[in-house]
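Below you'll find the structure, written out as structure tokens, and then a few comments.
Any read-out appearing in this document is the output of simple, stated calculations on the displayed coordinates, not a laboratory observation. These figures come from a predicted structure and were not determined experimentally. Every residue, glycine as well, gets a Cβ built from its backbone with ideal geometry; the counts of neighbours run over all protein chains shown.
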Amino acid sequence: MQNNAPLVWWLRIVALFVLATLVLGGATRITDSGLSITEWAPIIGVIPPMTDAAWERALEMYRQIPEYQLINRGMSMGEFQFIYWWEWSHRLVARAIGIVFAVPLAFFWARGQLPVWLKPWAILLLALGGLQGAVGWWMVTSGLVDRVDVSQYRLATHLTLACIILMITVWLSVRLSGRAGRVEAPGSVRVGAIAIAYAVLAQIFLGALVAGLDAGHASDTWPLMQGRIIPEGMWVLEPTWINVFENHLTVQFDHRVFAYLLTILVVWHVVGAVRAEAGKGLALAIFGLLVLQLAVGIGVIVMRVPPYLAAFHQLVAAVLLWVAVVHATHFASAREKAAARLVRAAA
């Protein structure tokens, strides 16, 4: 039997790099650093300004965009360098993912160590990585003209795509480790585990809308919003549907309510997993991470979005997604259950 351990650790390392970009991306947004680099130079952009003249040129380019002219006019070089380094670090780690993924991929492929079924998925991940870079620049361009920040739609697309890449990478690593489909459980438990992974992804998308609009400042009270269960002013924009994406109150409200629904789903799943004695360890870990995430989220709201806590909120969300994918992959499908029964019968 082929030893897949090198492949498993390769994908785990790639997943850790993706996790790092998620955290750095969140910090970049929180510190309003995302528009500090106003050009996309995939190769030479790895090298930051090295001279005073280069720094002056970078700052002069930043002075041309609305964020500087309307919000940061008069920013000192030191202040500019602070936001520049956040964005540069985010881009550097994102570029590093390409190397960390592509170089070992070529090595393993050339040595014939890649299972046939993995090759299409590896090509897909490579393509998604390239697409993510393009989406990142597409997001940045939305804030270079006529806006003082990036579009929340493009930010949510960028973050969600990164999470999808993380999910696929983690799923592949579990499959290669031989632990996929090892846990037999009632269908409802398996469906619940899968639903949790996708629900966490959806909640991250809603959180990206909150971040993109700075909607965390729309209400700083919990559990009520502005003293009400359903605050006034949630449906004032026309057409009505646009409130879901552009009304600060509505966007924060939706993020809160979906968190409650996710909690109900997780509690239901944990009860089923414990009763079935199937995957209860990771189910309880997911519950613990969710409780932590809820506590951090409430803290972010009532403390008026402190940067360190908001960044931690995004980190816990990414870790929760990772664990949820591992947990869901462990459960056997109906076909895998049938195959296991045949093996046991033959034995």
| remark: Against the 2.2 N^0.38 Å rule of thumb, the C-alpha Rg of segment 51-139 sits at a ratio of 1.59
| Cα-based helix-to-principal-axis angle, 5-30 vs the chain, degrees rounded to 10 | 30 degrees
| remark: The residues 221, 157, 21, 51, sorted from fewest to most surrounding Cβ atoms within 10 Å, come out as 51, 221, 157, 21
| field | Estimated vicinal HN-Hα couplings, Hz - segment 156-163 in sequence order (Karplus 6.51, -1.76, 1.60; Gly, Pro = x) | value | 5, 5, 4, 5, 5, 5, 4, 5
| note | Per the C-alpha gyration tensor (a ≥ b ≥ c, the square roots of its eigenvalues), segment 242-307 is rounded if a/c is under 1.5, else prolate if a/b beats b/c, else oblate; here it's oblate
| Using the Cα atoms as the points, what is the convex hull volume per residue of segment 179-347 in Å³? | 114 Å³
| Which number comes out as Rg/Rh for the chain once both Rg and the Kirkwood Rh are worked out on C-alpha atoms? | 1.01
| For segment 1-177, Kirkwood radius (reciprocal of mean inverse C-alpha pair distance, Å) | 17.5 Å
| Helix 307-330 versus the longest principal axis of the chain: what angle, 0 to 90°, nearest 10, using Cα atoms? | 20 degrees
| Relative contact order (percent, whole number), the chain, Cα cutoff 8 Å, 6+ residue spacing | 23 percent
| query | Where does the chain land at 222 nm, in deg cm²/dmol rounded to the nearest 500, when only DSSP H runs of n ≥ 4 count, each adding -39500 (n - 2.57), divided by all residues? | reply | -24500 deg cm²/dmol
| request: Rounded to the nearest 10 degrees, what's the angle between the helix 187-213 long axis and the longest principal axis of the chain, both from Cα atoms, 0 to 90? | output: 0 degrees
| remark: Quick note, segment 128-208: a/c under 1.5 would make it rounded; otherwise a/b > b/c is prolate and the rest oblate (a ≥ b ≥ c, C-alpha gyration tensor); here it is oblate
